[in-house]
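Visitor: To start, I am sharing the structure in question, which I have written as structure tokens.
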């Protein structure tokens, strides 16, 4: 049998304090990471949905004017729905084969949507809120009907 340990008053309550301190040191970065990844995922889903819907709207439009109007409406809707800053979104439209008018009947339409995700709780000091961003991008390919623009 072991002799009883002498108790010191210096250790009384130290476990609770250590638990709180270590818990905060570990918990705060994990919570920040979860919030930041949630914002990045929301923007990634937004640009993916935007590029897909814009490509379909252009490919199924009867003419270029209607295609442009539909694309603008979809972009406005997606930026509002997913909380994306409309000024931070860039849309690029191209077609394959290269050199063809875009969009044109029978071509493959490529829509690229890029955005920059601002990280949460980044202060505006030294424009950090504008420079500390995570870029997200989505590319969608859509075949344009061979009857596009004929009717």
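Visitor: Do the conditions hold for residue 119, that is, is it under 20 Å from residue 39 (Cβ atoms), without any contact (Cβ under 8 Å) to a residue 40 or more places away in the chain and surrounded by 15 or more Cβ atoms within 10 Å (Cβ to Cβ)?
Guide: No: the conditions fail for residue 119.
Visitor: Sticking with this structure for a sec: Name the single residue, out of those in the stretch 58-103 being under 19 Å from residue 117 (Cβ atoms) and surrounded by 15 or more Cβ atoms within 10 Å (Cβ to Cβ), that is modelled with the lowest pLDDT.
Guide: Going through the qualifying residues, I end up with 88.
The values are calculated or read from the model by the stated rules, or taken from the named source; none is laboratory data. Computed from a prediction, not measured in an experiment: that's the story for all the values here. Glycine gets a Cβ as well: all are built from the backbone with ideal geometry, and neighbour counts include every protein chain shown.
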